[in-house]
Structures are given as structure tokens and as C-alpha cells.
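The structure appears right after this line, and notes come after that.
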Amino acid sequence: MVKVHGYAAQQATTPLAPFDFDRRDLRPNDVQIDILYCGVCHSDLHTARNEWKSTIYPFVPGHEIVGKVLEVGEEVKDLKKGDVVAVGCMVDSCRTCKNCKDGLEQYCDTETIFTYNSRDRHDKSVTYGGYSTQIIVDRAFVLHVPKEFKETDYPGVAPLLCAGITTYSPLKHWKVGEGSLVGVVGLGGLGHMAIKLAHAMGAHVVLFTTSASKVQDAKRLGADEVVLSKNEEEMKKHVGSFDFILDTVAASHNLDPFIQLLKRDGTLCLVGAPEFPHPSPTINQLIFKRRQIAGSLIGGIKETQEMLDFCAKHHITADIELIPIGKINEAYDRMLKSDVKYRFVIDSATLKK
């Protein structure tokens with residue numbers, strides 16, 4: 001077993017605190033990774049506080065991981081010590097169902113094994129995430145960090161493993177590109193990545209926000225226009241015009257104002273997972289324009305590698321604030337207040353001290 005130091009929540013009402021635990025010995029297809037940086041995702045907070053009513057304690061968060069290979073199992077031939085790699089939201093799946101064979105492991109018909117708060121397929125142990133010094137992952141779920149990224153880029157690469165792929169996958173699936181009119185609802189960790197990616201794909205990008213203070217920053221990130229969603233006159237100007245709107249907000253809200261902005265056959269895609277359901281939409285708005293509401297969950301391993309390569313080619317990383325692990329509870333409190341631009345990332349060197 002490999003001795004590891006991390007931070008964990010012991011129950012829903014306690015802060016994250018130091019936690020020592022064991023990682024498994026290397027299996028033949030495993031990769032042992034020294035973690036350099038780990039992004040802080042809102043899902044980490046949801047799970048730590050058991051807001052989705054499924055948390056297994058003690059709970060070690062973290063699924064936006066960049067690190068260096070320390071050792072590989074005997075059957076791993078394409079990675080070596082020192083290679084810079086990444087791990088996202090998944091560490092295994094059944095690999096035999098149609099979805100897995102189609103490269104959509106996130107939709108595995110049997111069970112997707114998530115980086116934290118899941119159970120290992122083989123020994124049924126609980127998976128612990130990247131708020132830790134090391135992680136051991138099957139090679140099939142380890143990603144290459146493209147060499148175009150410099151070492152100074154690595155903190156900003158970490159959030160690509162969740163915020164990046166969560167927004168890239170639906171943009172690709174609904175064929176966003178040159179000539180597309182795309183809306184992004186919310187400017188947070190997901191929203192700021194959606195703007196960067198849609199802009200790089202060639203779309204005309206409009207941010208919808210409730211905050212006038214975010215207008216200039218949205219344009220810096222690549223938004224062509226910014227609409228204050230509480231301003232009815234501004235919203236009316238865009239009725240029936242959008243091909244695709246990506247709603248990144250993780251709080252319950254009325255979807256109707258955004259549905260009416262879609263053109264015929266337009267799609268409103270939800271990627272935020274709120275604690276409480278959204279109010280039921282007005283069905284006639286869907287029926288009379290053949291509009292649709294859809295959802296999307298991260299992306300498969302092949303698509304996640306494609307996203308990393310795309311971001312490297314277009315020089316895209318997340319805007320981040322680097323923090324020591326000792327400030328993680330403060331970061332959670334600030335995240336609830338939207339007091340971060342736009343993703344906290346843990347410097348894992350502070351764990352090793």
C-alpha cells in the first residue's frame with residue numbers, strides 16, 4: 001500500500017481537515033501519479049456537504065488533477081516516470097457496454113467509477129480524490145497533458161479536467177462552430193470556460209448574467225455581447241435567435257426566459273446540477289418552435305483528450321487563483337459567495353509540507 005496525505009470531510013457539517021490514508025498497490029495497468037495541482041469544483045463542495053445525499057465519509061474531494069508519473073504497472077508501455085499527465089472526473093467504468101465502447105464512459109450502463117465517492121470495481125474500496133499527495137489510476141483513464149502547455153500553465157490546466165470538458169462536450173455535440181449564435185448563462189468556473197471554448201470554435205458568443213460588474217470581464221474572455229438577464233428589454237431583443245444556449249448555473253432558476261430566446265430547433269443545455277429542481281418550464285414554448293431542453297455530463301476519455309489538445313492548440317487555460325491546502329475551507333466559503341475568478345486550484349506542494 002502507498003501512504004498518502006490528504007484533506008477530507010469526516011461528515012457533512014465538519015470542515016475539511018488533514019487525513020492520512022492508503023492508496024492501493026500498483027496493478028499491472030495502473031499509473032502512480034505525484035499530484036502537482038488540483039482544481040476546486042463546486043461538485044466537491046456539494047459532495048462534502050452531502051447536498052446530493054450520497055456522500056460516503058470520510059470524503060476526499062478533487063477531480064481536476066495534473067501531476068507527474070512516479071511509477072507504472074508492468075503492462076503500461078506508453079507512459080514513463082516524469083511524464084506530465086492528468087486525471088478528471090472518472091477512474092473506471094465497465095468498458096463493455098455500448099456507451100463505453102462508443103467512448104462515452106460517463107454514461108456507462110453498468111456503473112461509472114468516479115474519482116471520488118465511488119467504489120472500486122475490483123476491491124469495492126471507496127475512491128478518494130485529488131486533495132492528496134498522490135493518486136493511482138488505471139492507465140485507460142489517465143490523460144496526456146500536451147507538451148504545448150508550459151509548466152507555468154499547469155495550474156490553469158487542472159480545471160480543464162472538469163470545467164473544460166463539461167462545457168466542451170456539449171458545444172461539440174451540438175456542433176457549435178463558425179456562424180453559430182451561442183448563449184452562455186452564468187459567469188463562473190463553467191461559464192468562463194464556455195465563453196473561451198465557444199469563441200475559439202468560431203461562434204458568436206453572448207453571456208447572460210445578472211451582474212453588470214461582469215460585463216467587461218466577459219468581453220475579455222471572448223464574449224461578443226453581454227446581456228443582463230433581469231433586463232426585459234435587453235432580453236426581448238434576442239427572442240427566437242439562438243442556435244444553442246449553455247446554462248451553467250448550479251442554482252434553481254426559471255428557464256422560460258432563456259427558452260424563448262431559442263430559434264426553431266434550438267437547444268437549451270443544462271450542465272449545472274442544482275440542489276433543488278428548476279421550476280417547470282412553459283411547455284408551449286417548446287412545442288411551438290420544436291425547441292428542446294437537454295443535459296450533458298462531462299465527456300468520455302477520448303473526448304477529454306481531444307479537449308486538452310484543442311485547448312493547447314488555442315492557448316486556453318482556466319483563469320485561476322492558486323491557494324495552499326490550508327485555505328481550502330475559506331475557499332469553499334468564498335466559492336458560495338462567487339468570490340473567485342474563476343477557479344480555485346490547490347498547490348499540492350503545500351500538502352507535502
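The values are calculated or read from the model by the stated rules, or taken from the named source; none is laboratory data. These numbers were taken from a predicted model, which means no experiment stands behind them. In this analysis, Cβ positions are derived from the backbone assuming ideal geometry, glycine residues included, and neighbour counts consider all displayed protein chains. Surface accessibility is based on the protein's heavy atoms, side chains included, excluding ligands, DNA and RNA. Shrake-Rupley method; radii C 1.70, N 1.55, O 1.52, S 1.80 Å.
Values for this structure:
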item: Taking the chain and dividing mean pair separation by its residue count, relative contact order in percent (alpha carbons under 8 Å, at least six apart); result: 18
item: MET1 - accessible surface, heavy atoms, 1.4 Å probe, Å² rounded to 10; result: 130
item: Within region 94-129, backbone nitrogen closer than 18 Å to the virtual label 7 Å beyond the Cα of ALA12 toward Cβ; result: 117-118
item: When each of LYS289/LYS313; LYS150/LYS196; LYS124/LYS196; LYS77/LYS98; LYS147/LYS172; LYS150/LYS353 is checked by Cα-Cα distance, pairs over 29 Å; result: LYS289/LYS313; LYS124/LYS196
item: Accessible area per residue, Å², the chain with all protein chains present, probe 1.4 Å; result: 44
item: Percent of C-alpha pairs per 5 Å bin, region 229-353, short to long; result: 2, 9, 13, 14, 16, 16, 14, 9, 4, 3, 1, 0, 0
item: Within the accessible area of the chain (1.4 Å probe), percent carbon and sulfur; result: 50
item: Label-to-label distance, nm, for residues given as THR282 and TYR57 (7 Å Cα→Cβ offset); result: 4.5
item: Cα pair distances exceeding 38 angstrom across the chain, given as percent; result: 15
item: Kirkwood hydrodynamic radius of region 286-335, from inverse mean 1/r over distinct Cα pairs, in Å; result: 15.1
item: Straight-distance crosslink candidates among aspartates and glutamates, where the alpha carbon sits under 17 Å from LYS68 and sequence neighbours closer than 8 are dropped; result: ASP30, ASP34, ASP78, ASP83, ASP138, GLU148, GLU151, ASP153, ASP347
item: Ordering of 204-216, 73-85, 116-128, 33-45 by packing [mean C-beta count within 10 Å, highest first]; result: 33-45, 204-216, 116-128, 73-85
item: Paired Rg and Dmax values of region 163-295, which use every Cα atom, in angstrom; result: 13.3, 37
item: Ellipticity estimate at 222 nm from DSSP helix runs (n ≥ 4, -39,500 (n - 2.57)) divided over the chain, nearest 500; result: -6000 deg cm²/dmol
item: Among beta bridges that DSSP assigns inside the chain, antiparallel share in %, nearest 5; result: 55
item: Kirkwood Rh in Å, taken over all unlike Cα pairs in region 67-146; result: 13.4
